[in-house]
Amino acid sequence: MSPEHRYLNFALIVSVLFLMFAPNAAAETATEQLQGSMDRVIEVLRTIRSPEDIERNRNSLREILLVRFDFAAMAKESLGTRWNDLKGKQKEFVSVFTDFVEHSYMSTLGSYRGEKIVYDHDRSDGESAEVDTRVVGGEGNPIKIEYKLHRTDGQWMVYDAVIDDVSLVGNYRSQFARILHRASLEELIQTLHAKASGH
């Protein structure tokens, strides 16, 4: 084989490998990344028939959610101006907040009845994006969910979800503010620990 042919073959192989492994531009959009995660969640939900199934799939679901949801940002926004009052306990609060949200999410999984997610519109502005979706196919009316995302290290991460015009983070902030009106931050952390443990 002549040097020219060897060079062309090498160039062809490199080109094919590049096409196979180069990042997919479409997958870099907020909608594509969100949909990829939600599709994986639905795949798991389809296997759930009992509380035992939920426990068996808990780690898989947690891994999917940790990739796409910025629990640190959600925890910070949920505390609002009280965040700085944690004084070194920010990591502990993020951890217990994540467990609390996970427990709340896991407790609803048994109600899945084959609903689908429709992706309607998305808006992107540099490092921020919003994705409008609807959950359809259930017994009631479609549920509108608007995901708010920001880009972190090339990944679009959800930092809030507005469900039928109600902000998830705003709802947590109101709950926590009511608790903190009569209790300390340490007592809030203990309350979230208890709720995350199902007590």
Unmet requirement for Asp125, which otherwise passes all of (1) touching a strand residue (DSSP E or B) at 6+ places or on another chain (Cβ under 8 Å); (2) more than 30 Å from Ala177 (Cα to Cα): (1)
One residue from His181, His150, His121, His193 being at pLDDT 90 or above and open to solvent by less than 60 Å² (accessible area, probe 1.4 Å): His150
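Results for (1) within 22 Å of Glu63 (Cβ to Cβ); (2) in contact with a Lys or Arg (Cβ under 8 Å, 6 or more places away or on another chain); (3) assigned to a strand (DSSP E or B), shown as yes or no for each residue.
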site: Val118; (1), (2), (3): no, yes, yes
site: Arg123; (1), (2), (3): no, no, yes
site: Glu130; (1), (2), (3): no, yes, yes
site: Val158; (1), (2), (3): yes, yes, yes
site: Ser174; (1), (2), (3): no, no, no
site: Arg178; (1), (2), (3): no, no, no
Close pairs (7 angstrom Cβ cut-off, 6 or more residues apart or separate chains): more than 11 Å from Leu79 (Cα to Cα) in the stretch 170-193, of a type in the set (Phe, Trp, Tyr) and surrounded by 14 or more Cβ atoms within 10 Å (Cβ to Cβ) anywhere: Ile189/Phe93; Leu192/Phe97; Leu192/Phe100
Those residues of the stretch 125-147 which are open to solvent by 50 Å² or more (accessible area, probe 1.4 Å), among the charged types (D, E, K, R) and within 18 Å of Val158 (Cα to Cα), in sequence order: Asp125, Glu127, Glu130, Arg134, Lys144
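So which helices (runs of 4 or more DSSP H) stay within the stretch 1-80 end to end and still have 2 or more residues that are modelled with pLDDT of 85 or more?
It comes to 30-45, 51-68, 71-79.
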Members of the stretch 95-107 found to be over 16 Å from Thr47 (Cβ atoms) and either within 16 Å of the chain's Cα centre (by Cα) or in a helix (DSSP H, G or I) (or both), listed by number: Ser95, Val96, Phe97, Thr98, Asp99, Phe100, Val101, Glu102, His103, Ser104, Tyr105
Pair list, Cβ < 8 Å and 6+ apart or interchain, from the stretch 130-158 residues that are farther than 21 Å from Asp70 by Cα to residues that are small (Gly, Ala, Ser) and surrounded by fewer than 14 Cβ atoms within 10 Å (Cβ to Cβ): Gly137/Gly114
Candidate set from the stretch 74-103 (those that are touching a residue at least 60 places away in the same chain (Cβ under 8 Å) and among the small types (Gly, Ala, Ser)); member that is surrounded by the fewest Cβ atoms within 10 Å (Cβ to Cβ): Gly80
Filter result for Leu168 (under 30 Å from Lys87 (Cα atoms) and either of a type in the set (Phe, Trp, Tyr) or more than 18 Å from the chain's Cα centre (by Cα) (or both)): no
Residues located in the stretch 153-165, provided they are over 24 Å from Gly114 (Cα atoms) and open to solvent by 40 Å² or more (accessible area, probe 1.4 Å): Asp153, Gln155, Tyr159
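The values are calculated or read from the model by the stated rules, or taken from the named source; none is laboratory data. Since this is a predicted model, take the numbers as computed values, not measurements. Ideal geometry is used to build each Cβ from the backbone, glycine not excepted, and the neighbour counts take in all protein chains shown. What goes into the accessible areas is simple: the full protein's heavy atoms, side chains included, and nothing from ligands, DNA or RNA. Shrake-Rupley method; radii C 1.70, N 1.55, O 1.52, S 1.80 Å.
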